[in-house]
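K.L.:
Supplied in structure tokens, the structure appears directly below.
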Amino acid sequence: MQHSSQSTPDASQPASSTIAALILAGGQSQRFGYNDKGLIPFLNKPMIAHVIERIAPQVSSISISCNRNSAEYQSIYADYYQKTDIQSGSKTKTSAPTCFKDKSESPLRGPLAGIASFLDYCDSDILFICSCDMPMIPRDVVQQLFSAMDQSGADASYPVDEKGHHYLALLIKRSAAVNALQPLLAVSEVENSPLVQKTKNHSIKNWLNQINTHPILVNSHSIGFADINSMTEMALIEQKTQR
């Protein structure tokens with residue numbers, strides 16, 4: 001795998017009509033008292049609503065991986081998902097997304113279970129995958145990542161900063177995503193290891209290690225890629241947005 005930590009986006013822009021987005025909202029949210037994180041209010045509306053509004057103009061469709069409360073997620077999508085018509089500048093409602101659960105028979109765990117289910121029916125050549133707990137995700141994130149992929153010839157791109165890798169703000173070619181899942185599925189079928197070990201093997205990091213990626217360097221002090229994992233973190237980020 002080839003990695004690079006720098007990117008200088010040019011004027012290259014993706015055609016949003018060719019990119020399908022997946023928001024991952026299927027976690028247990030232990031540090032939120034097992035409350036559904038995407039539904040928790042952030043700046044007076046559900047956390048996932050911010051994500052939907054910010055990425056909608058950048059992609060052709062949005063699907064939500066949610067293992068519970070699918071009706072609530074569908075309703076939030078209907079309220080907050082608007083596509084901008086590039087020629088007229090007018091906003092129009094689009095059709096509702098697919099809210100789906102992980103397949104019960106899947107040997108995969110965690111985010112990869114939702115991604116694998118998405119890959120089964122999504123036929124877009126390029127996918128944007130993010131989590132529901134990044135309410136300030138940049139409004140040009142897809143363009144930034146696409147430019148990195150386009151210039152480098154990589155199959156995927158995601159942000160990195162001094163604190164680590166933001167794997168769940170990922171632009172990836174569908175073919176590479178599918179191919180990289182196959183070894184993990186093969187290992188799962190022959191292993192009888194404990195669930196903890198399987199979960200480790202099924203990490204996003206292990207999946208992306210099999211793909212030619214080109215990370216982009218972002219500012220660690222920016223809240224754009226901050227993922228909210230507790231009420232304390234949410235309060236701090238809310239304060240920063242109101243300064």
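The values are calculated or read from the model by the stated rules, or taken from the named source; none is laboratory data. Just so it is clear, the model here is predicted, and its values are computed rather than measured. Neighbour counts run over all protein chains shown; Cβ positions are idealised from the backbone, glycine included. All accessible areas refer to the heavy atoms of the entire protein, side chains included, with ligands and DNA or RNA removed. Shrake-Rupley method; radii C 1.70, N 1.55, O 1.52, S 1.80 Å.
K.L.:
Can you find, within region 156-185, the residue that is farthest from Asn209 (Cα to Cα) among those that are part of a strand (DSSP E or B) and in contact with a Lys or Arg (Cβ under 8 Å, 6 or more places away or on another chain)?
P.N.:
His165
K.L.:
Hey, another quick one. Report yes if some residue within region 98-108 is open to solvent by 40 Å² or more (accessible area, probe 1.4 Å) and more than 22 Å from Leu184 (Cβ to Cβ); otherwise report no.
P.N.:
The answer is yes, given that some residue of region 98-108 is open to solvent by 40 Å² or more (accessible area, probe 1.4 Å) and more than 22 Å from Leu184 (Cβ to Cβ).
K.L.:
Right, next: Confirm whether Val178 is closer than 26 Å to Thr241 by Cβ, open to solvent by 10 Å² or more (accessible area, probe 1.4 Å), out of contact with any Asp or Glu (no Cβ under 6 Å at 6 or more places or on another chain) and at pLDDT 95 or above.
P.N.:
Criteria not met by Val178.
K.L.:
Something else about it: Pairs under 7 Å by beta carbon, first residue more than 15 Å from Pro111 (Cα to Cα) in region 162-175, partner open to solvent by 70 Å² or more (accessible area, probe 1.4 Å), six or more apart or different chains?
P.N.:
Short answer, once both residue conditions are applied: Lys173/Asp125; Arg174/Asp125.
K.L.:
Here's a follow-up. From the list Ser147, Ser157, Ser188, Ser230, which one is touching a helix residue (DSSP H, G or I) at 6+ places or on another chain (Cβ under 8 Å) and modelled with pLDDT of 90 or more?
P.N.:
Ser157
K.L.:
Does Lys200 fit the bill of being closer than 28 Å to Ile40 by Cα and at pLDDT below 90?
P.N.:
yes
K.L.:
In region 11-33, is there at least one residue being surrounded by 15 or more Cβ atoms within 10 Å (Cβ to Cβ), at pLDDT below 90 and within 19 Å of Gln144 (Cα to Cα)?
P.N.:
Yes, because at least one residue in region 11-33 is surrounded by 15 or more Cβ atoms within 10 Å (Cβ to Cβ), at pLDDT below 90 and within 19 Å of Gln144 (Cα to Cα).
K.L.:
Return yes or no: is Asn212 touching a helix residue (DSSP H, G or I) at 6+ places or on another chain (Cβ under 8 Å), modelled with pLDDT of 95 or more and over 24 Å from Gly38 (Cβ atoms)?
P.N.:
yes
K.L.:
Considering only region 217-243, state which residues are open to solvent by less than 60 Å² (accessible area, probe 1.4 Å), closer than 19 Å to Ile40 by Cα and either touching an Asp or Glu at 6+ places or on another chain (Cβ under 8 Å) or acidic (Asp, Glu) (or both).
P.N.:
Matches in region 217-243: Phe225, Ala226, Ile228, Asn229, Glu238.
K.L.:
Sticking with this one: Of all residues in region 118-141, count the ones that are open to solvent by 20 Å² or more (accessible area, probe 1.4 Å) and among the β-branched types (Val, Ile, Thr).
P.N.:
Counting residues in region 118-141 that are open to solvent by 20 Å² or more (accessible area, probe 1.4 Å) and among the β-branched types (Val, Ile, Thr) gives 1.
K.L.:
Residue under question is Ile126, and the condition is that it be at pLDDT 95 or above, among the hydrophobic types (A, V, I, L, M, F, W, C) and in contact with a Gly (Cβ under 7 Å, 6 or more places away or on another chain); does it hold?
P.N.:
So Ile126 does not fit the description; no.
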